[in-house]
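Reviewing the structure listed below.
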Amino acid sequence: MDNKDKTIIRVGLGTCGISAGANDVYDAFKEAIAGTNLTLEYTSCNGMCFREPIVDIILKDRIISLSNVSCGEVPRLINEILNNKIIDSEDNDFLVMQNRIVLENCGHINPDKIDDYLAKEGYQALKKILLDILPEQVISEVKSSGLRGRGGAGFPTGLKWELARNSKSNEKYVICNADEGDPGAFMDRAVIEGDPHRVLEGLAISGYAIGAKYGYVYVRAEYPLAVKRIKQAIEDAQNRNLLGNNILGLGFNFFIKVKEGAGAFVCGEETALIASIEGKRGMPTLKPPYPAESGLWGYPTNINNVETLAAIPWIIRHGADKYANFGAEKSKGTKVFSLAGQISKGGLVEVEIGMSLRKIIYEIGAGTSSGKPVKAVQLGGPSGGCLPESMLDTPVDYESLLAKGAIMGSGGIVVMDVDTCMVDIARYFLAFTQKESCGKCTFCRLGTKRMLEILERITLGEGRESDVESLIDLASKIGASSLCQLGKTAPNPVLSTLKYFKDEYIEHIVNKKCRARSCKGLINYKITNKCIGCHLCTKACPAKAINGEIKEKHQIIPDLCIKCGICESVCKFEAIYHE
Amino acid sequence: MSKATINGITNDFVDGISILEAAKSLGIEIPTLCHIENLEAFGSCGICVVEIKNQNKVVPACATKLLEGMDIETHNDSILSTRKMLLELLFSDHLGDCVPPCSLKGCPANINIQGFLDLESKGKYNEAAALIREKAPLPNILGRICPKPCEKVCLRNRVDEPVMIGVQKRYIAEKEWSSGGPFFPHRAKSSHKRVAIIGAGPAGITAAYYLSLNGHSVVIYEKQAKLGGMMRFGIPKYRLPEDVIDTELNAIVDKLNIDVSYNVEVGKDIDVEEIISKFDAVVFSHGSQLSNKMNVDGEHHEKVIKAVDFLYKLAINIDVNLGKDVVIIGGGHTAMDAARSAARLGSNVTLMYRRSEKEMPAKDEIKEAKDEGVVFEFLVAPERIKRKGGKLYLHCIRMILGEPDESGRRKPIPNSNSRFVLEVDNIISAVGQFTDNSWLPSSWLSEKGHLQVNPSTYQIQNSSGHNNIFAMGDAVTGPDLVVTAVAAGRKVAASVNQLFLGSAVTGEEPVYASTCGELNDLPQEMFSKAKKIARANIPLIDKDIRLTSFNQIEESLNEEEFREESLRCLKCGCVAQNDCKLREYGYNYKADTKKFAGEKRKYEKDFSHLDIKLEIDKCISCGSCVRVCESIKKYYIFGYINRGFTSKIKPEFNRRLIDTKCDACGKCCEVCPTAGVWKHG
């Protein structure tokens, strides 16, 4: 029987799937298909993390996609497949509005099989340029595609390559930056786990273009599956002569090494990343000199983000014009976003740059998970900013977001509903960057700490009148005087929340009130006269903070109350409320 | 060459130089904490920031190459405020006392206590005395009568007992005198400026001392026939013998050519206006000698004596006949002096104070007074005094303590059911003094009759355009410590000196210092390695003998005992206090060391190495030691560890320095801007 006629069961084994239990599901299928003519296969994340574990049933004529599959369902599903009764549970809206270039193979191929990639025109772009395109022409193609760095800064990729190409040196390096560290961002992980060869191909093309013989993939060690798959991919590509000496007999030598990062967020910054590869502490240095002049071991070096490199093979295969057809005036192409936070359909989406936030959140992401209105969206991770609901019509492109006080960043979109306290959110992001400061610059090391202390006291209800002014003063000086982008952008979440949600800061400081009721220091639980002294709350209170004789009105002892809210939820007489 | 503009000066600069170097070539000093000449720029500290106006950018001057066309400002308002904040941030994470608390917070005159104890321990008494005199010219007197606020904040309180500081000054002075002292520094060349000082008390004498050393000619007008003011006429001889006053004060007046007009009462014997017109500056330090009233009926009876008058008579050897039973009313040092003097005259003495022992200002002498038979009645106030036969009947009421008042002490409230009457022969009232300013121009005085002075310069305000009239000491503050008057005297001398030099009169600069915090808030680890050593005690003459005379009651210790005691000093002051860029810049930029009070780095020292000492808690993470060890020495001993606020520089892999291959070359110590790393000896 030909493979094409076989029914294939394909389990999504990306990190998101595995953490939802997909490995067990895979094993259950493995056991269950014994003795049948069904084939079991795996792929990686297709972006619909909210549906994991996802199992695709590939029939002769169509693909049926199953969501949230559990081990217990497996025997029934096998039965249904064998009896042709299987029903598609796919939720197509999620994909309809997307344009998948970078993610085109994610969730469709087995990332550990080079043949799967080759079957999808894999390494055709590399072959094409090695056959008959000069490095300068490759660069000009990338330039005219309008591709910009997807790691956050949005620097034009072709120009970056050109600078590195023009640096005179016998030795040069290219580096793939897979040190993805923003809270709520996971697109690089998904691309490496789901389509690792595409990244290698992009890196090889960049090496060819700038004249580098060696490439590094700098990937964080906290992504063990990505590390495993990219290493496997390198080995397989070398075995097929798609990497190594004299690639495809076309005279280009290119080698790739994997360097695992030890988990410092700042190593996503180019100069710190280079220091880390060199075996030094990951600490940024002042630019200039830029890596294009003096990078790894002092040689000209080009660093691109995973997503940027993953777009390259497509651009070479389809042409720059086709890529540039997508997107906005100054921001061409597509961008992968990770939808996270209080969103119904969290996962990865790849859309044309310039789509509005509202479309992405409501039409693709199906609104908030709570069903409550959106209050704000945090874009660009801890270096980014919070935009209020009223700005959801902002097109998502580099310039428009920057003008509003946020950034595209690596593409994290964290959705927050009305129950989110914006001061607390600013505190959360600042706490992240403060912890990740490398400690070199005074303003970043200590300025962010003092800002954090101010935010902490505001959320505890101990804010002072002068705090807003102090925050702004600190933020502007930290922003102006830090050496690297981590420090320069660390105050952004505070500045953007202060810009759009200043009232909330004032309420916390002056009225000692948190409208989202999430700052526990500002919540007080009270018992009204409706209390009949039933003792339910007394028994439920984990802090033993409620006093009262049976059948008499109870009282909460404020010093003991931990503000967990259990009393309010157990009271049957609506006698407990919080303010 | 590149043409660029720095602070408005356009110049051609050598290609490739940094903005820092370019500015330096124009004589513009940009501060830096991390820049090391001949090493690649690092840019960590951030204090060298400058603004490139035409690029709208702030950059570190050390790590930014000067390029053609740049328009740079190195000291504009925004840069200055950035540097100030940066220093404030560094201080917020710098756990160090530049100056020890005894000197900074304890001593009103900021005497270099750690310094003189160290010299004393090495037997360098003359040097120790000279060091004391840099701040206070009366070491012997202060060594006897100062109530030692320094000892209250001495960090040794957290180990065992404070170092005995006060008496050491007296011993140092005695040793100096026995070798031919007191020795004073040379007087500066005559300035031909003349200054008049009204009153030869501690403030007046101190001001005269420093002004004379600065080459000014000083005339003191003194109402009494002798020098010393309240030191002589208010403090009993058993605490401060007359010959000590004579020796210490006469030496100053004689050796420094200070002219004293005795028995001249300004305002009576000579007009204030006349003095003002005759001198280039006039300093009023006339003390505070009028007694407050008790405001009780019957206090005008002849057997109700004012403590100030009582002590004055004793000082000039006039017999005072006290009856058998005497009550002293008040809780200050004057009350205590009166009580203990009365005891020496053979009376049964009760000291009555309206607050409790804890609030009593003179509580340091309670034990000695009790030994001498003085009975204490706390929480009692007089209500009225009646007279019957030869006796006085003191009607009293007991008090209870209420909420703290403006002075921070709990306010006594009468307890109406607790009245009682004492039958006594004399009552001595010591309930405070006030200043007689009636002879001064009324425009100088506040509504309440107080002298109004500028708190920094001590210039009298509203002195109709005069900037050369000053006032200080008890005359301004009301009764206070001698050491406080001495401090004021020195500060006024600084102001007068500024006036005479023709510079702006701003007063003496307050000591600028970083501190670790208050005594009781300091981390216990700070003291865990300090060995307990028993404090020496100054023996007192036997109490029975004490009561028979006004001889000095404090005896002395021998040289070895004093030396041992001086070695108890924990040397809390920073080794780099005079060579610290953080302190220097902090002072220059007026950085508030407490602006960003918050979590601070933990107490952490590595004294494992014999020669190189690490005070990680004082490190400002500039990385200079790391780079110098790496680039010049190639030893790679230091490195950054951790991230975020907890990041710090230590020997790599968290080792102790002794466990590294450090060969004590000291390069790191040379580049460290603070005392993060320093070389012993």
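The values are calculated or read from the model by the stated rules, or taken from the named source; none is laboratory data. Note that this is a predicted model, so its numbers are computed, not measured. Positions of Cβ are generated from backbone atoms using ideal geometry, with glycine treated the same way; all protein chains shown enter the neighbour counts. We work out accessible area using only protein heavy atoms, side chains counted, and drop any ligands, DNA or RNA first. Shrake-Rupley method; radii C 1.70, N 1.55, O 1.52, S 1.80 Å.
5 Å is the cut-off here: which amide hydrogens, built 1.01 Å from N in the peptide plane, fall below it relative to residue B:70, excluding neighbours closer than 5 in sequence?
Answer set, sorted by chain and number: B:5.
Can you work out the FRET efficiency for the pair residue A:235 and residue A:322, with r the C-beta to C-beta distance and R0 = 41 Å, to the nearest 0.05?
Numbers: r = 32 Å, r/R0 = 0.79.
Once the sixth-power term is evaluated, E becomes 0.80.
Just to be sure I understand the curve: with the Debye formula and one point per C-alpha of region A:114-324, what is log10 I(q)/I(0) at q = 0.08, 0.12, 0.17 Å⁻¹?
The Debye formula, applied to the Cα set alone, gives -0.23, -0.54, -1.17.
Can you tell me the FRET efficiency between residue A:569 and residue A:27 if r is taken as the Cβ-Cβ distance and R0 is 35 Å, rounded to the nearest 0.05? Could the numbers behind the result be given before it?
On the way: r = 39 Å, r/R0 = 1.12.
About 0.35, to the nearest 0.05.
What fraction, in whole percent, of alpha-carbon pairs in region B:22-131 exceed 15 Å separation? The partial results should precede the final answer.
Numbers: 4400 of 5995 pairs.
In whole percent, the share of Cα-Cα pairs in region B:22-131 beyond 15 Å is 73.
Enumerate the amide H contacts of residue B:97 below 5 Å, restricted to partners 5 or more residues apart or on another chain; note that Pro and chain-start residues carry no placed amide H.
Sorted by chain and number, the residues that satisfy this are B:516.
Can you give the Rg and Dmax of chain A based on its C-alpha atoms, in angstrom?
In Å, with Rg to one decimal and Dmax whole: 26.6, 90.
Over 26 Å between Cα atoms, which of A:502/B:595; A:259/A:435; A:120/A:160; B:57/B:633; B:358/B:448; A:6/A:113 qualify? Mind dumping the intermediate values first?
Details: A:502/B:595 24 Å; A:259/A:435 23 Å; A:120/A:160 28 Å; B:57/B:633 36 Å; B:358/B:448 30 Å; A:6/A:113 18 Å.
Result: A:120/A:160; B:57/B:633; B:358/B:448 exceed 26 Å.
Just the number: Rg to Rh for the protein assembly as shown, Cα atoms, Kirkwood Rh, two decimals.
On the way: Rg = 40.8 Å, Rh = 37.2 Å.
So for the protein assembly as shown, dividing Rg by the Kirkwood Rh gives 1.10.
Quick one: Debye curve from the alpha-carbon atoms of region B:252-396 only, equal weights, vacuum; give me log10 I(q)/I(0) at q = 0.16 Å⁻¹ to two decimals.
-0.92
Would you check the accessible area of residue B:357, probe 1.4 Å, heavy atoms only, in square angstrom rounded to 10?
80
Report, in degrees rounded to the nearest 10, the 0 to 90 angle that the Cα long axis of helix A:196-210 makes with the longest principal axis of chain A.
That works out to roughly 60 degrees.
Could you tell me what percent of the accessible area of the protein assembly as shown is made up of carbon and sulfur, with a 1.4 Å probe and every protein chain present? Walk me through the numbers on the way to the answer.
Values: 25970 of 52890 Å².
Reported share for carbon and sulfur atoms: 49 percent.
Need one value for A:431-444: mean number of C-beta atoms belonging to other chains within 10 Å of its residues' C-beta atoms.
Numbers: counts 1, 1, 1, 3, 6, 2, 5, 6, 13, 11, 7, 15, 7, 2.
Average per residue, whole number: 6.
Tell me the angle of helix B:77-92 to the major Cα principal axis of chain B, expressed in degrees between 0 and 90 and rounded to the nearest ten.
On a 0 to 90 degree scale, this one is about 70.
Take the alpha carbon gyration tensor of region A:380-432, find the square roots of its eigenvalues, order them as a ≥ b ≥ c, and report rounded if a/c is under 1.5; if not, report prolate when a/b exceeds b/c, else oblate. Walk me through the numbers on the way to the answer.
Working: a/c = 2.17, a/b = 1.33, b/c = 1.63.
Oblate, since a/c reaches 1.5 and b/c is not below a/b.
Taking K and R as +1 and D and E as -1, what net charge do the other residues with C-beta under 14 Å from the C-beta of residue A:209 add up to?
Details: positive: A:128, A:143, A:160, A:165, A:172, A:213; negative: A:136, A:141, A:162, A:201.
The answer is +2.
Under the rule of at least 5 residues apart or a separate chain, name every residue whose amide H is placed under 5 Å from the amide H of residue B:305.
Under 5 Å from the amide H of residue B:305: B:427, B:428, B:429.
If each Cα of region A:524-578 is one equal point scatterer, what is log10 of I(q)/I(0) from the Debye formula at q = 0.27 Å⁻¹?
Rounded to two decimals, the profile gives -1.11.
Please work out how much accessible surface residue B:643 shows to a 1.4 Å probe, ignoring ligands, DNA and RNA, in Å² rounded to 10.
Counting only protein heavy atoms, the figure is 60 Å².
Compute the signed sum of charges (Lys and Arg +1, Asp and Glu -1) over the other residues within less than 9 Å, Cβ to Cβ, of residue B:263. Write out the running numbers ahead of the final one.
Numbers: positive: B:223; negative: B:222, B:265, B:269.
Spelling it out: positives minus negatives among the neighbours equals -2.
Taking the Cβ of residue A:308 as the centre, find all other residues whose Cβ is under 11 Å away and add up their charges (Lys, Arg: +1; Asp, Glu: -1). Present the calculation step by step, with values, prior to reporting the outcome.
Working: positive: A:148, A:150, A:160, A:335; negative: A:188, A:307.
Local charge sum for residue A:308: +2.
Report residue B:589's accessible area, 1.4 Å probe, all protein chains in place, as a number in Å² to the nearest 10.
40
When the helix-only estimate is applied to the protein assembly as shown (DSSP H runs of n ≥ 4, each -39,500 (n - 2.57), divided by the residue count), what is the mean residue ellipticity at 222 nm, nearest 500 deg cm²/dmol? Spell out each step's value before the answer.
On the way: 44 runs with 392 residues, N = 1260.
That calculation yields -8500 deg cm²/dmol at 222 nm.
Output ³J(HN,Hα) for region B:209-216: one whole-Hz value per residue in order, computed from phi by the Karplus curve 6.51 cos²θ - 1.76 cosθ + 1.60 with θ = phi - 60°, and x for Gly and Pro.
4, 6, 5, 5, 4, 7, x, 8
When you count, for each residue, the other Cβ atoms within 10 Å and take the mean per peptide, how do A:408-416, B:59-67 rank with the highest first? Can you show the working numbers first?
On the way: A:408-416: 26.3, B:59-67: 23.2.
Final packing ranking: A:408-416, B:59-67.
How many percent of all Cα-Cα pairs in region A:355-411 sit more than 12 Å apart? Let's see the in-between values first.
Working: 1006 of 1596 pairs.
When every Cα pair of region A:355-411 is considered, 63 percent fall beyond 12 Å.
What are the principal axis extents of the Cα atoms in chain B, in Å, biggest first?
102, 59, 56
Given +1 on the Cβ of Lys and Arg, -1 on the Cβ of Asp and Glu, and no further charges, what dipole in debye does the protein assembly as shown carry about its Cα centre, rounded to the nearest 20?
1000
Taking square-rooted eigenvalues a ≥ b ≥ c of the alpha carbon gyration tensor, is region B:539-681 rounded, prolate or oblate, where a/c under 1.5 means rounded and, failing that, a/b exceeding b/c means prolate? All intermediate terms of the calculation are to be shown ahead of the outcome.
Details: a/c = 3.10, a/b = 2.15, b/c = 1.44.
Since a/c reaches 1.5 and a/b is larger than b/c, the shape of region B:539-681 is classed as prolate.
Sort largest first and round to whole Å: the equivalent ellipsoid semi-axes of region A:3-90, each the square root of five times a Cα gyration tensor eigenvalue.
On the way: eigenvalues 72, 38, 28 Å².
Value: 19, 14, 12 Å, ordered largest first.
Considering only C-alpha atoms, what is the centroid distance from region B:35-68 to region A:138-170, in Å?
Here the answer is 28 Å between Cα centres.
Work out from phi, with θ = phi - 60° and the Karplus expression 6.51 cos²θ - 1.76 cosθ + 1.60, the ³J(HN,Hα) of each residue of region B:311-321, listed in order in whole Hz, and give x for Gly and Pro.
5, 4, 4, 4, 5, 9, 6, 8, 5, 10, 9
Note the buried accessible area between A and B here, summed over both chains, with a 1.4 Å probe, in Å² to the nearest 100.
On the way: alone 24160 and 31170 Å², together 52890 Å².
Chains A and B together bury approximately 2400 Å².
How do the peptides B:460-473, A:58-71, B:361-374 rank, highest first, by the average count of neighbouring beta carbon atoms within 10 Å per residue? Numbers along the way, then the final one.
Numbers: B:460-473: 20.1, A:58-71: 14.9, B:361-374: 17.2.
Averaged packing, sorted descending, gives the order B:460-473, B:361-374, A:58-71.
With every protein chain kept in place and ligands, DNA and RNA left out, what is the accessible area per residue of region A:524-578? Probe 1.4 Å, answer in Å². The partial results should precede the final answer.
Details: 3650 Å² over 55 residues.
Roughly 66 Å² per residue, with all protein chains present.
Summarise the partner chain shielding of B:645-658 as one whole number: the mean count of Cβ atoms from other chains within 10 Å of each residue's Cβ. Walk me through the numbers on the way to the answer.
Values: counts 11, 5, 8, 2, 1, 0, 0, 1, 0, 0, 0, 0, 0, 0.
Per residue, the average neighbour count from other chains is 2.
Would you compute, for the Cα atoms of region A:422-511, the largest minus smallest coordinate along each principal axis and list the three values in descending order, in whole Å?
Taking the Cα atoms of region A:422-511, the three principal extents are 38, 20, 19 Å.
So what is the accessible area of chain B per residue, in Å², with the probe set to 1.4 Å? Don't skip to the end; give the middle numbers.
Numbers: 29960 Å² over 681 residues.
Per residue, chain B has 44 Å² of solvent-accessible surface.
From other protein chains only, count the Cβ atoms within 10 Å of every residue's Cβ in B:89-99, then give the mean. All intermediate terms of the calculation are to be shown ahead of the outcome.
Working: counts 11, 3, 1, 5, 5, 1, 0, 0, 0, 0, 0.
Per-residue shielding by partner chains comes out at 2.
Mind listing the phi-derived Karplus ³J(HN,Hα) values for region B:47-55, rounded to whole Hz, using 6.51, -1.76 and 1.60 with θ = phi - 60°, and x for any glycine or proline?
7, 7, 4, 9, 10, 8, 4, 7, 10
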